[in-house]
Amino acid sequence: CFGSASQIQRNPLFASLDSKDVSYFKEILGDKNVVEDEERLETANTDWMDKYKGSSKLLLLPKNTEEVSQILKYCDSRRLAVVPQGGNTGLVGGSVPVFDEVIINVGLMNKVLAFDEVSGVLVCEAGCILENLATFLDTKGFIMPLDLGAKGSCHIGGNVSTNAGGLRLIRYGSLHGTVLGIEAVTANGNVLDMLGKLRKDNTGYDLKHLFIGSEGSLGIVTKVSILTQPKLSSVNLAFIACKDYLSCQKILVEAKRNLGEILSAFEFLDNNSMDLVLNHLDGVRNPVSSSENFYILIETTGSDETSDREKLEAFLLKSFEKGLVSDGVIAQDINQASSFWRIREGITEALQKSGAFYKYDLSLPVEEIYNIVNDLRERLGDLGNVMGYGHLGDGNLHLNISTAEYSDKILGLIEPYIYEWTSKHRGSISAEHGLGVMKANEIFYSKSPETVNLMVSIKKMMDPKGILNPYKVLPHSFFSP
Ligand code: FAD
Ligand code: 2HG
Ligand code: ZN
């Protein structure tokens with residue numbers, strides 16, 4: 001395991017898997033959905049970044065909610081720890097075992113169950129891949145309210161469990177607003193049917209929210225009901241270059257005011273991120289003629305092709321005249337738009353190809369966002385290439401440091417510095433990726449002790465034996481014997 005996660009001790013109260021357990025799982029799931037094959041386990045034990053590695057000996061592939069329920073009921077009675085896994089694209093080591101936890105992947109539960117063309121409400125199983133849902137909706141003239149670079153692999157159940165943000169949050173809001181209902185199975189195998197399809201329902205506590213963003217620590221999400229949006233006819237994307245961060249900030253303020261109802265994405269990257277992508281991804285080129293310090297992608301989505309386009313063009317011209325923009329181009333067709341998005345969405349992949357990297361995901365007041373990048377650059381000097389990019393419109397910075405190799409010295413310079421900096425500015429140390437195993441012990445930088453205590457009480461009440469995704473989300477000291 002990577003960083004502080006390497007110091008965690010296995011909780012001795014958990015049982016170890018034996019042959020009787022495997023036989024039981026084969027009885028309920030059938031032989032082929034109880035995976036002991038070493039190669040498949042190697043993949044399931046390893047996270048997307050290749051930083052976190054477990055040693056699970058078993059991967060279970062349930063086909064329906066009833067099977068998930070039977071698995072959990074059994075694991076709870078035996079005190080066998082489990083890790084719920086979706087597309088395994090998480091970036092905080094939450095989706096892989098820390099030790100020998102049984103991996104439960106709901107990827108076979110991938111059916112669309114219902115779609116209402118009047119309300120736009122989609123009901124599906126948790127193992128549906130986000131991109132497949134988008135493709136299905138496209139045939140109906142709708143779009144998902146979320147979009148992210150991992151769409152080809154991540155599951156909607158994983159998205160809900162991490163409360164994934166992504167590229168459209170500025171327009172459609174977070175999953176706490178768009179997810180209308182879920183079905184989840186708790187540690188003891190109880191099935192909670194909260195699969196509502198209503199936008200308004202104030203009958204008591206809205207418990208689905210406990211599962212949105214709790215990273216598999218309170219239950220396994222098996223079904224999701226989500227509000228989708230009509231696909232509008234005019235989508236425009238501008239790629240612009242700016243000299244300094246203050247200009248980026250001003251453009252954001254102006255874009256909200258002038259493009260308001262059609263603004264659908266506002267993303268930024270700095271020059272170091274751009275260089276990384278140009279150096280590591282094939283077929284990518286800078287859309288603007290000269291290299292600049294910052295780049296912004298502004299997407300608009302509306303229903304009037306002529307006026308939407310004119311609006312965006314007028315906005316860019318005005319920003320140019322005010323000296324906020326030094327260069328810019330509007331995509332002429334869908335292929336060019338994809339090539340612009342490839343730059344922004346490709347940074348994570350380019351980092352992966354560049355060697356060692358340290359990844360942070362911060363919420364900060366927009367005016368502070370780039371100060372931490374500059375401060376860290378000064379602190380690290382030649383030791384690392386510090387990159388800033390992210391969902392500027394949502395106040396979410398992705399701060400990544402690429403280095404020649406992993407070292408305790410570099411980690412010691414980065415942490416807790418970044419967490420303290422963020423806490424001092426009342427930011428969040430996890431804007432959208434979650435805490436996983438990487439930041440479970442750092443939760444106090446963003447949450448008060450009283451709040452964490454209540455979270456621990458909820459966890460202990462819902463999962464008294466602590467079998468669901470142990471060592472993740474909350475400090476493990478609360479759960480070790
Ligand atoms: P996994 O990685 O498998 O699991 C993530 C967490 O959810 C784990 O804690 C796991 O235990 C839990 N979990 C998974 N499925 C279930 C379930 N059915 N029930 C209960 N718990 C479950 N994230 C963003 O927020 N915004 C982005 O823009 C974004 N872009 C990304 C781009 C790339 C290239 C990559 C690799 C990742 C990106 N991510 C982003 C992070 C990641 O893709 C998201 O967190 C995603 O929502 C995870 O979904 P998944 O199915 O892969 O879940
Ligand atoms: C994104 O917005 C993802 O591209 C990944 O959240 C961020 O790689 C990262 O740090
Ligand atoms: Zn992101």
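The values are calculated or read from the model by the stated rules, or taken from the named source; none is laboratory data. Keep in mind that this is a model prediction, so the values were computed, not measured. Heads up, the Cβs are rebuilt from the backbone with ideal geometry, glycines too, and the neighbour counts pull from every protein chain shown. Protein only, heavy atoms only, side chains kept; ligands, DNA and RNA dropped before computing areas. Shrake-Rupley method; radii C 1.70, N 1.55, O 1.52, S 1.80 Å.
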Over segment 112-230, what is the relative contact order in percent, taking alpha-carbon pairs closer than 8 angstrom and at least six residues apart? 34 percent
What FRET efficiency would be calculated for the residue pair Arg309, Leu113, taking the C-beta separation as r and a Förster radius of 35 Å, to the nearest 0.05? 0.40
Could you please report the charge total around Thr65, scoring K, R as +1 and D, E as -1 over all other residues with beta-carbon less than 10 angstrom from its beta-carbon? -3
Between Glu42 and Leu198, 0.36 nm times their residue separation minus their Cα-Cα distance comes to what? 52.0 nm
If one takes the longest principal axis of the Cα atoms in the chain, at what angle in degrees, from 0 to 90 and to the nearest 10, does the Cα axis of helix 245-258 lie? 90 degrees
Between beta-carbons, use under 15 Å as the cut-off and find the net charge around Thr203, counting Lys and Arg +1, Asp and Glu -1. +1
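For the chain, with every protein chain kept in place, what is the accessible area per residue (1.4 Å probe, Å²)?
43 Å²
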Please determine, in degrees from 0 to 90 and to the nearest 10, the orientation of helix 305-321 with respect to the longest principal axis defined by the Cα atoms of the chain, where the helix direction is its Cα long axis. 70 degrees
Extension gain from Val284 to Phe444, taking 0.36 nm per residue of separation minus the Cα-Cα distance: 53.6 nm
Spatial extent of segment 234-347: Rg and Dmax, with the Cα atoms as the point set, Å: 13.3, 38
If eta is 1.306 mPa s and T is 10 °C, what Stokes-Einstein diffusion coefficient results for segment 112-230, Kirkwood Rh from Cα pairs, in µm²/s? 112 µm²/s
Å³ per residue enclosed by the Cα convex hull of the chain: 147 Å³
For the chain, which whole percent of the accessible surface, found with a 1.4 angstrom probe, sits on carbon and sulfur atoms? 49 percent
Mind running the shape call on segment 347-403? Use the C-alpha gyration tensor, a ≥ b ≥ c as the square roots of the eigenvalues: rounded below 1.5 for a/c, prolate if a/b tops b/c, oblate otherwise. oblate
Here the Cα Rg-to-2.2 N^0.38 Å ratio for segment 348-481 is 1.14
If you count, for each residue, the other Cβ atoms within 10 Å and average over each peptide, how do 11-21, 464-474 line up from highest to lowest? 464-474, 11-21
I need to check one value: relative contact order of segment 373-481, counting alpha carbon pairs closer than 8 Å and at least 6 residues apart, in percent. 19 percent
Run the quick spin-label model on Lys322 and Ser480: label points 7 Å from Cα toward the beta carbon, then report their separation in nm to one decimal. 5.3 nm
Low-density loop GluC sites (Glu not before Pro), segment 58-117, at most 12 other Cβ within 10 Å, DSSP non-H/G/I/E/B, are Glu117
Whole-Å distance, taken between Cα centres, linking segment 388-463 and segment 142-221: 21 Å
Tell me the angle of helix 334-345 to the major Cα principal axis of the chain, expressed in degrees between 0 and 90 and rounded to the nearest ten. 60 degrees
Could you give the Stokes-Einstein D for segment 384-438 in µm² per second, using the C-alpha Kirkwood radius, 20 °C, 1.002 mPa s? 171 µm²/s
Measure off 7 Å from each Cα along the Cα-to-Cβ vector at Asp375 and Asn271, then give the distance between these two points in nanometres to one decimal. 2.3 nm
According to a simple spin-label model (label point 7 Å from Cα along Cα-to-Cβ), what is the distance in nm between Ser153 and Glu415? 2.1 nm
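By per-residue mean of other Cβ atoms within 10 Å, what is the highest-first order of 451-457, 177-183, 206-212?
177-183, 206-212, 451-457
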Given axes a ≥ b ≥ c from the Cα gyration tensor, I'd like to know whether segment 1-42 is rounded (a/c under 1.5), prolate (a/b larger than b/c) or oblate. oblate
What is segment 60-151 by shape, rounded, prolate or oblate, if you read a ≥ b ≥ c off the alpha carbon gyration tensor as root eigenvalues and call it rounded for a/c under 1.5, prolate for a/b larger than b/c, and oblate otherwise? oblate
In whole angstrom, the spacing between the Cα centers of segment 63-105 and segment 265-288 equals 37 Å
Which order, highest average first, do 360-373, 32-45, 425-438, 252-265 follow once you tally other Cβ atoms within 10 Å for each residue and take the mean per peptide? 425-438, 360-373, 252-265, 32-45
Plugging the Cβ-Cβ distance of Asn453 and Ser4 into 1/(1 + (r/R0)^6) at R0 = 25 Å yields, to the nearest 0.05, a FRET efficiency of 0.70
